[in-house]
Each structure stands twice: as structure tokens, then as C-alpha cells.
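Some notes on the structure that comes next.
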Amino acid sequence: MSTEITSDVEMITVVIDGFDVTVPKGTLVIRAAEKLGIQIPRFCDHPLLSPAGACRQCLVDIEINGRAFPKPQASCTIPVENGMIVKTQLTSEVADKAQKGIMELLLINHPLDCPVCDKGGECPLQNQAMSNGRESTRYEGVKRTYEKPTAISSQVLLDRERCVLCARCTRFSEEIAGDPFITLNERGALQQVGIYEKDPFLSYFSGNTVQICPVGALTGASYRFRSRPFDLVSTPSACEHCASGCAMRTDVRRGKTLRRLAGEDAEVNEEWNCDKGRWAFKYISSKERVASPMVRGADGELHEASWPEALAAAAAGLKGKRAGVLVGGRSTIEDSYAYAKFARVALGTNDIDFRARLHSDEEAAFLASIATRINVSYRDLDKADHVVLIDFEPEDESPIIFLRLYKQVRKRSLTITTIAPLASRGSEKLGATVLSDLSKVSGLTEKSVILVGERAAETMGRFTAVSTLAKSSGAKLAWVPRRAGEVGALIAGAIGNLLPGGRPVGDASARVDIQSAWGVESLPTKAGKATWEILEATTDGRINAVVVGGVDPLDVSAEALGQLLDTETFVLSLEISHSAITAIADVVLPVAAVSEKSGSFINWEGRPRFFEKAIADSLTRSDTRILSALADEMGTPINLPSAKAVAKELQAIGKWDGAAASAPDVSPISLPVPDAAHATLHSWRQLLDLGTLQAGEENLAGTARPAQVVISKSRAEALGVGEGDAVTVSTARGSITAPAHIGAIDDSAVWLPRNSNGSQCIANLGAASGLVVKVAKA
Amino acid sequence: MDELTPRDSEYGLEKAAAESAPILDQSAGSFFKQLLGFWVTFAAQFRKVNTVQYPEEKEATAERFHGRHQLNRHPDGLEKCIGCELCAWACPADAIYVEGGDNTPDEQYSPGERYGKVYQINYLRCVFCGLCIEACPTRALTMTNEYELADDSRRKLIFEKEDLLAPLRQGMLMPPHPMYPDSTDTTYYKGEVPGSHPSQEPTTNV
């Protein structure tokens, strides 16, 4: 439902229960009644799904211009008309009796096992049976029973006995997610929700079906029997997994997060989210969490230490050193800002970078050019005439963008072009035209939107070409990184060439702005190093101390960990859980996870997504708090005691209003053309993979798409492999063997998931894209 | 007596004061009158004694006395509690804490899918109102007549599931064990399970 007010829509006045209400033409009766505050009971009706009229619970008496319908009608399928008089259960005995009758029929085969049902206490069927049902049952027969529950995927369980056949789940899967794996089978009394046996319910959005199920028929395996709604303390929150920026609700019982639900935000995620956002939160309660500060002793082992001891050790290790800061892409904007200020004020360097992934100098230049102009929104996607995706797979890398695009594709066949080596399942669902080369894109107007992903950094000259294309066509340009914190980190200045608010480091007046805001006499003037340069500089002592936030070295390069390990570099790690970095760190400081602190992420639109502390009595501290304490210890205070203090400072600093940095100018290099036995490697991270924040959630991991090697038909023929046969992709460093999938991919290319089970490109092959690899039959 | 103190007459106590006035009889017969006063005390020696020598002697409570709770078992030993938390919901004192759990074929504690994994009653909070008993859909929770619930620490007064579970009677097996052959949870609720079946006994690895 669009909330936009447009004057050219015809308005219609109807009478409901004796009250006049004026609504736009096309509004359903049930929605017009809602506007008056009249609640008609319903199960199948959902404002974001097409009307189905499946449950018949919303029957009302309708009369149009004096002619009454002979029987009560389903108010969720009938649009308002002029001269319509509606009588709901409140004024019509016929409607009331009809609703009670429907409720009685729905309950005949319902097991009434509310005491063991997860939905008990928040169940529309329970509530409406009380408000619009009979007091007691008249049914004495034997109820229909099914085996309960059946798993329709590792994370969604189906109890067919409880189902009222409202078809919300099947409509969601088909209309919103585009994964019609779930359907209504059989007819009549035996009708039931089922899956196709050959196609398991591997949807990235299956959790939404659990949330919109109006009875307890679909339940989540991870939340099964965990709690009752009255036990839970709910906090509105924001999702920490990707840059889509979903509104969420976090439900906590006694300091433990038990479930997360999609929040409602019509401008962003509507009412949906992806399974990763919904279920990947076990990392918070992982046994691997760092419990207390740790300092490496003379024996070379990490020992637990008190906060004052650890801060003193960290301060001593950093003082007077040539330090670099690696923030990681998952920080809130507040924490990123604290890192940015800490680097400049306490460490006196611009060597800070939030990019813990493959990145390039061209990308840094591109980011500097757009940092003050992040102004494309989901609304622009709704109105776009053409969307171009560049090195960006929305279904895997920003699923809510995918849902938004899919909605427009279904509604008005939105044209989508994707610059990718192959047609992924997401592209196929969007009906996207797959192009291998950006120069072939044409037909862009000012209403078009270009979405460029973080993987554009892996192709030389790509960001230059994108900037040129956006400029020449007038199309809107947005950068969509994969991680939730990257846009915020860019704005907060956690990158070597920018100060907070998108101010170029090289600009003297920009530095004066920040100097006066921070009350410091000078700021480093030299643009800072990128992540890879910082790591490289540690090997020859140009940098001899690093502060590391949430960074997995294997996201950056296969050598990154070794570069830190082999040298005398002092490593300070601020981490949630024990990792490869904490294993080599000299001082480890435990930090708060997202649900244990307040703050905000900035999504790809530049929209702040605030969240409050969900676990009220958590004692962990945010990065901001710790860095501020550390800066005090070092004698160079940054005065950021809380996220609120950061927000205030950021607001006071504001956005850079001077000239933005110019777009990058890098010409593409031609890649070597592989021979028949070799191929150019392409990869990206799938939504559900071996990501750190998905640790510990086995039910979720069960629906991850299995690793596949995607090869072209002619290569498959040349190798003599068929669909599903094992294929080995190898480099000098190592190899990956996975079943082959013959897809629409360039003959010279091969595709692998970047970080999935059985296929970790950087760890196994030493690279993630652009490399020439050997492809052979296993 | 000053002016401001209310007089007995103002309370209507004049008569009472006169009646309770000490008897000032100094005559010879008054000695026997005084002995007569001890008759009540003397006669009480031969009446039935109400005092109970608790804790050496204990008396049965009234049949429906609200005492400590008990989590009952089905005749084969499976727990009746399904962890639905309705008792916790009904509790006006927030004395009950329950966490549900998933019965698996290997570990079956109660008939059906769900059992009470954690069950705690805090007897420092409990007011013995019995609303939890009314709420229980499976008659798993009932109250015994046991009233000796004093202790010296908070910790000891939070009763765990093992403190509350009914003892195993004849024919009962200690869960987890499988359900009675060819039975469903409905059979259990209808009381059609007579006791444990040899097939439910744990297989011991010798």
C-alpha cells in the first residue's frame, strides 16, 4: 500500500456501521473499516499481499445503492464503491452469525493445542476465536490429524493440523520473495501446505512466512518452545547484517536474545526481512565471546586482566608508535567516528580504513566523491524506469533491495540490467539482462538508478566507468556495500582520505572545520593508507602498531594474518569473540555486540537506523566507550563517553559543504585471456555462508545454498562433466572441489561462492576474483 | 484527670469500668470465693489438650490444604508437564519460571512434542493461591499438603524441577524413555496408559 498522497485519485465515500468514511478508489472494504477503527476479524488478509479471500473470516453485509448482496461477502476482496453501505459484525446479526460460523468451521479441525504451540499468547486465531467465536464447541467428532511437525526446511517447521489454509505463506513466497517452493496441495478437507519434493524450501526470506502465519502452523525451529510472548522484553532495533537497514524487533528473555522479528518501516523493509537478519544472532551468546580484557604476558600467552591493566598495556603499546587503524565494516556510525577521531587525535595519523575486504585506491577516490551525496532511496527504486546493478547481487548482498526490485518487476516489469559474469538465481528472478561490460548499458534517463556494489573495487577502472556513466546519463547513482557499517564509516571519516562529514583530508579548510570541532591544534595532512597498505607497512616497520576492530584477515587477503604475525607490530584487538586476530593480539579488549549497545547504522540510502540497547543489564562496553577511555589513558582525550555524545558531535560537525572530491580516473587494464584448461575466477558471498555473525546457528546454515562451481555449457562438454559432477578449481595455493552447475556464464569464466561451506576462495585459492584458475574434472 | 482527657462515659465505658473494678471483699468467706476462681484452671487439667508438640508430633492438615507443589507423572513415569508456561502466566506473584523444551525420539520426557525443560517455583514469592493449579491443562501441577517450607537461604527456597517432581511409583520408569507402544499424547491424557511397558525400559549396554 502506497502511503503517497496523490490528488488525482478518485475518492469514494461509503457508510460502514452508520459512519461515513472517504477513501481512495480501489480501497478494500476491510481497510476502509480499519480507517474508522472498526476491526473486522481476518486471517488471510495482509496489506502487502494480494487479496485471496481464502479464510472467509471477514464476512460482512454489503448493500450497494439499495441492492443488498444476498449473502455476506468477504470484505478483504471487495473494493469500495459509491453508494455502498456496509454492516459489520457490530451492527449486523447476519454478519456476526456468519463470522461465528466460519470460526466454528475453522476450529473443527484445529487441534487446540495452544499449550504446546509457540504462537500461544500472540495468536490471531486464539484472539479472534475469543472475540468473534462461539463460547464453546459443538463438535464431537474426531479431528483430522497429521504428523506433527514436518520440517519444510531446517529452520521452518510446519504443523498441518493447525493450518487454516489462509495462503499467506504461499502468497508471500510467490509474490514477495519470488520463491514459489511452497504451495497448497490437495483439495477440500485434505488441502495442506506442502513443498515440492525435488525443490527444498531454500528461500532467503522463509522466516517471513513464520512471522505472518496467523496461526501456529509455521514455526521457527530455533525459537521452538523457547518462550511465551509475556516473558519477552521487546526492543525496536536495526539489523546489523547488511546495508539494507531493516527495522527489527529484538525479543529478550532474562538477558538472552531469543528471537528477532522484522519491524515495520514502509520506507525501508516494509514488513519483511531476510533469514540472516532474523535468525543469525547466536553469535551474541557464543562460548567464543571474549569475556574480559586480555593482555599477552611475558610467556607469550594471553592472560585475563582488569580493565585498568589492559588499558594501560594498550596505551603503552600504542604511545609513540606509527599506528594504523582497521575498523572493519560492521561498526555503528558512532563507533566508526570514535575510531576516526581516535586515529587522528590520539594516534596522529590518517592511516585508518574501514574496508576489511577486497578494495582499491580507485574505490577510495570514488567514495570520497560520493560521500556527501548519498541521496538515492528505496522510493527512487520504486519510481525508476531502469535499474542497473553493477558488481552487485541484491539477493545475496542486500536482500531488501532485491525484494523492492522484485516488487516493481512483478508490478510493472521494471527493466533491470546487471553487470555480472553470469545470471544468478536472483538475476533470473528479476528477469535482468546480464551484460558483461558496462559500456553496453544504454537507455538510461534521469529516472534510472545505478546501484554499484563493493565488488566493483575488484575490477580496475570500474568505478571510473560508473561515475562517467552516471554523469553522462544523469541517472541516480548509489553505492551499496555489503556490510551494515560501511556507509556510516564513510560518513564518519573512518577512511584515509576523508575526515568526518565527507571532508577531504587534503583540503585545508576542511581540516580547520574538524580542528575547531575537536579543539586540536593540528591534524595530519597526508592522506592515509588503505587496509592493504597498512598491512604491508607492518612488514617493514613503517607501521609498528595496529588497532583492529571486527576484522577477519581472510576477508582482506590470504597473507593479511601472516603480515601481522611475523613482525614486531603491536596489535590491539577490539573484538566480540575470539578470532584469528585475537589469537595474535597483544591486548584484547572485549566490546559490546549490537544488541548490547545503542547507536545507529547508516543504510545504503544514507538513512540513519537507530537502535537501543536490547539487553538492558549487559555490562559490555561499546567501542566508543573503550576508545575514549584508552585515549584518556594515553593523555590525548577524545571525549566520547557515549554514543549520544558522538551523535551530538556528528550533528554539530555536519556535512561538508565545499567541493566534493573529483571522481576517480583510472583506466581499465586488460586481463590475461585464459586458455581452454583455465578460466577467470569470479565469486561473491552468498547471503548465508560462513560469515562470522552467522556462527552457531545450525538451522539457518541448513538452508544456505550449497557450494557449486558454475561453468559454461561448452566448458562442461570439453571437460566431459554433467550437472552435479564434481569439478576441481585450483591455483598454486590450493583447490576447491564442488559439484558443477552448468549455467549462463562466459566460456572463459568460472564462478564459485566466496565464503561458503566447501568453497572459501581466499583461504583455499588465495584470491577471490580476477585470477586465472585451472578447472578440471575431479 | 484534666479537662482535656475524654471521660469513660463519653466512650460508654462507665459500666464496663464498674464491672471490672477489683472485688474488695475482706470477709472470712472470701478465701473460698478466691479458690473458686481457680476452679477453671484446675478443671482445664482434665480437658483435652490442643497443643501439639511440633516438630516431634505432626498433625495432618485439612485435605485441601495448599502446600508445596508437585509435578505429576503419567502411570509409565513420563512427566505430565508440557512446559506450556500457563502456570507462570497465571501466577499473581511471578513465582514460577518455566522454559519449554523439545522432546526428541532419543530423549522423551513427556508424551507429545514439548516438555518442561526448566521448572522453578520460588517459595519466597509463592502465596499458595492455587491459580497455577487451575491453569494447568494437563493436571501436571498439583499441590501437596506439605507445609514445611522454611529454610535459611534464598537459594534453597527456589525449588527446581527435580525437587518438585513426584516420586516414581510402582510400574513407573525414570524418563527419558519412549512413549507406551502404539500410544499418542491423547491416549495418555485419556488415562489409557496402564503403566510402563517392557519396551520402554532402557537398553543397557553390558
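The values are calculated or read from the model by the stated rules, or taken from the named source; none is laboratory data. Since this is a predicted model, take the numbers as computed values, not measurements. Heads up, the Cβs are rebuilt from the backbone with ideal geometry, glycines too, and the neighbour counts pull from every protein chain shown. What goes into the accessible areas is simple: the full protein's heavy atoms, side chains included, and nothing from ligands, DNA or RNA. Shrake-Rupley method; radii C 1.70, N 1.55, O 1.52, S 1.80 Å.
Couple of notes before you dig in:
- Reachable lysines from residue A:100, criterion Cα separation under 24 angstrom, eight or more residues apart if same chain: A:35, A:71, A:87, A:119, A:143
- Normalised by 2.2 N^0.38 Å, where N counts its residues, the alpha-carbon radius of gyration of segment A:355-438 equals 1.17.
- Pairs of Cα atoms nearer than 8 Å and 6+ residues apart set the relative contact order; for segment A:59-193 it is 16 percent.
- Placing A:148, B:190, A:429 in order of accessible area, with the largest value first and a 1.4 Å probe, yields B:190, A:148, A:429.
- Farthest towards the positive end of the charge dipole of segment A:685-778, among the residues A:731, A:694, A:711, is the Cα of A:731, using unit charges on the Cβ of Lys, Arg, Asp and Glu.
- Inter-part distance where segment A:580-625 and segment A:488-517 are each reduced to a Cα centre, Å: 23
- Calculated FRET efficiency, residue A:68 to residue A:380, Cβ-Cβ distance, R0 = 56 Å: about 0.75 to the nearest 0.05.
- Too-long pairs where the Cα-Cα distance tops 24 Å, listed order kept, from A:282/B:80; A:198/A:429; A:319/A:597: A:282/B:80; A:319/A:597
- A probe of 1.4 angstrom, applied to the heavy atoms of all protein chains, finds residue A:692 with accessible area near 90 square angstrom.
- When the alpha carbon coordinates of segment A:284-404 are projected onto the principal axes, the ranges are 63, 36, 23 Å, largest first.
- q = 0.16, 0.18, 0.21 Å⁻¹: log10 I(q)/I(0) that the Debye formula gives for segment A:389-463, counting C-alpha atoms only: -0.54, -0.69, -0.95
- Averaged over peptide A:715-721, the number of partner chain Cβ atoms lying within 10 Å of each residue's Cβ comes to 0.
- Debye equation applied to the C-alpha atoms of segment A:634-778, log10 I(q)/I(0) at 0.13, 0.15 Å⁻¹: -0.70, -0.79
- Interface between chains B and A: roughly 1400 Å² of accessible area buried, both sides summed (probe 1.4 Å, protein heavy atoms only).
- Once the C-beta distance of residue A:446 and residue B:58 is scaled by a Förster radius of 60 Å, the resulting FRET efficiency is 0.10 to the nearest 0.05.
- Summed side-chain charge close to residue A:85 - residues other than residue A:85 whose Cβ falls under 11 Å, Lys, Arg +1, Asp, Glu -1: -3
- Here segment A:12-53 and segment A:82-117 have alpha carbon centers that stand 16 Å from each other.
- Chain A: Cα Rg divided by the 2.2 N^0.38 Å rule of thumb: 1.02
- Against the empirical 2.2 N^0.38 Å (N residues), segment B:61-206 has a Cα radius of gyration ratio of 1.08.
- Note on segment A:592-736: with charges restricted to the Cβ of Lys and Arg (+1) and Asp and Glu (-1), its dipole about the Cα centre is near 260 debye.
- Put simply, the C-alpha atoms of segment A:549-599 give a gyration tensor, and the ellipsoid matching it has half-axes of 23, 13, 7 Å, longest first.
- Taking 0.36 nm per residue of separation and subtracting the Cα-Cα distance, full extension of the segment from residue A:435 to residue A:695 would add 90.1 nm.
- Calculated FRET efficiency for the pair residue A:258/residue A:143, C-beta based, R₀ 45 Å, to 0.05: 0.90
- Using the rule -39500 (n - 2.57) for each DSSP H run of four or more residues, divided by the residues of chain A, the 222 nm mean residue ellipticity is -7000 deg cm²/dmol.
- In Hz, Karplus ³J(HN,Hα) per residue of segment A:673-683 (6.51, -1.76, 1.60; θ = phi - 60°; x = Gly, Pro): 8, x, 7, 5, 7, 10, 8, 7, 7, 10, 6
- Near residue A:388, the amide H atoms lying under 5 Å from its own belong to A:417, A:449, A:450, A:451; only residues 5 or more places off or on other chains count, and H is placed 1.01 Å from N.
- Altogether, the Stokes-Einstein calculation at 4 °C and 1.567 mPa s, with the Kirkwood radius of segment A:587-715 over Cα pairs as Rh, returns a diffusion coefficient of 63 µm²/s.
- With a simple spin-label model that places each label point 7 Å from the Cα along the Cα-to-Cβ direction, the separation between residue A:198 and residue A:671 comes to 3.3 nm.
- When you work out D = kT/(6 pi eta Rh) for segment A:272-325 at 10 °C and 1.306 mPa s, using the Kirkwood radius from C-alpha pairs as Rh and the Stokes-Einstein form, the result is 111 µm²/s.
- 1.4 Å probe, heavy atoms, protein only - residues of segment A:220-244 losing at least 30 Å² accessible area vs chain alone: A:224, A:225, A:226, A:228, A:230
- The shape of segment A:10-57 comes out oblate: with a ≥ b ≥ c from the C-alpha gyration tensor, a/c is at least 1.5 while a/b does not beat b/c.
- Cα pair distances in segment A:130-198, grouped into 10 Å bins until the bin that holds the longest one, percent each: 16, 44, 27, 12, 1
- For residue A:270, the residues 5 or more places off, or on other chains, whose built amide H falls under 5 Å of its own are A:265.
- Comparing the full protein assembly with the isolated chain, the residues of segment A:92-124 losing at least 20 square angstrom of accessible surface (1.4 Å probe) are A:115, A:116, A:121.
- Computed from label points 7 Å out along Cα-Cβ, the spacing between residue A:190 and residue B:118 is 4.5 nm.
- Note on residue A:135 and residue A:94: the model spin-label points, each 7 Å out from Cα along the C-beta direction, lie 2.7 nm apart.
- Excluding same-chain neighbours fewer than eight residues apart, the aspartates and glutamates reachable from residue A:526 by a Cα-Cα span under 16 Å are A:351, A:353, A:361, A:507.
- Whole-angstrom gap from segment B:184-199 to segment A:371-401, using each part's C-alpha centre: 59
- When A:570, B:42, A:172 are compared by accessible area at a 1.4 angstrom probe, the order from most to least is B:42, A:570, A:172.
- Linear extension gain, residue A:632 paired with residue A:737, 0.36 nm per residue minus alpha-carbon span: 32.6 nm
- Sequence of A:11, A:248 from largest to smallest accessible area, 1.4 Å probe: A:11, A:248
- Close amide H pairs (under 5 Å, H built 1.01 Å from N) link residue A:570 with A:545, A:546, residues at least 5 positions away or on another chain.
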